[in-house]
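The values are calculated or read from the model by the stated rules, or taken from the named source; none is laboratory data. This one's a predicted model, so the numbers in the text were calculated from it and none came from an experiment. Using ideal geometry, Cβ is built from the backbone for each residue, glycine included, and neighbour counts are taken over all protein chains shown.
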Amino acid sequence: MDKQTIISKDIKFRGHLKFDHTVKIDGSFQGTIESFGNLIIGPTGDVEADIKTKNLEHYGKLKGNVIAENKIIIRKNSYLRGDLTCKDLEVESGSKFTGTCMMD
């Protein structure tokens, strides 16, 4: 089973976040994120960061550029403003995405 860390909705964090497993952000984060694992931004997550990760599953609010090694999923009712680079992109109806996407 994959290890998972949760930054809960009452936490506000600034800085550089680096991890190897799965992190779920339900709180507020500003800075940079570097991951060899998976990043989940929950429905209450508010992130302003440039992100490098293996996979991103996004339900909340994100401002920043994302480079994902594999897949980015933008879920219904989420907001994303930034440029994306990934191999696979899934955007659900009802989400808002402003930016560009480059798929290699």
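Go through the stretch 38-77 and report how many residues are in contact with a His (Cβ under 6 Å, 6 or more places away or on another chain) and either over 16 Å from residue 88 (Cα atoms) or surrounded by fewer than 16 Cβ atoms within 10 Å (Cβ to Cβ) (or both).
Qualifying residue count, the stretch 38-77: 1.
Would you call residue 5 surrounded by 14 or more Cβ atoms within 10 Å (Cβ to Cβ) and either aromatic (Phe, Trp, Tyr) or farther than 13 Å from residue 56 by Cβ (or both)?
In short, no.
For the stretch 25-39, which positions are under 18 Å from residue 68 (Cα atoms) and of a type outside the set (Val, Ile, Thr)?
If the condition is that a residue be under 18 Å from residue 68 (Cα atoms) and of a type outside the set (Val, Ile, Thr), then 31, 34, 35, 36, 37, 38, 39 are the ones that fit.
Against the condition β-branched (Val, Ile, Thr), surrounded by fewer than 16 Cβ atoms within 10 Å (Cβ to Cβ) and either in contact with a strand residue (DSSP E or B) (Cβ under 8 Å, 6 or more places away or on another chain) or over 18 Å from residue 4 (Cα atoms) (or both), how does residue 85 come out, does it pass?
no
Does the stretch 11-18 contain any residue that is assigned to a strand (DSSP E or B), crowded, with 18+ Cβ neighbours inside 10 Å and modelled with pLDDT of 95 or more?
yes
I'd like to verify a number: residues in the stretch 21-48 that are in a strand (DSSP E or B), more than 17 Å from residue 8 (Cα to Cα) and touching a residue at least 24 places away in the same chain (Cβ under 8 Å), how many?
So the count comes out to 0.
I'd like to check which strands (runs of 3 or more DSSP E) are fully inside the stretch 56-104 and have at least 2 residues that are among the aliphatic types (A, V, I, L, M) and touching a residue at least 24 places away in the same chain (Cβ under 8 Å).
none
Quick one: in the stretch 26-60, of everything that is among the small types (Gly, Ala, Ser) and over 11 Å from the mean Cα position of the chain (by Cα), which residue is farthest from residue 80 (Cα to Cα)?
Among residues in the stretch 26-60 that are among the small types (Gly, Ala, Ser) and over 11 Å from the mean Cα position of the chain (by Cα), the one farthest from residue 80 (Cα to Cα) is 37.
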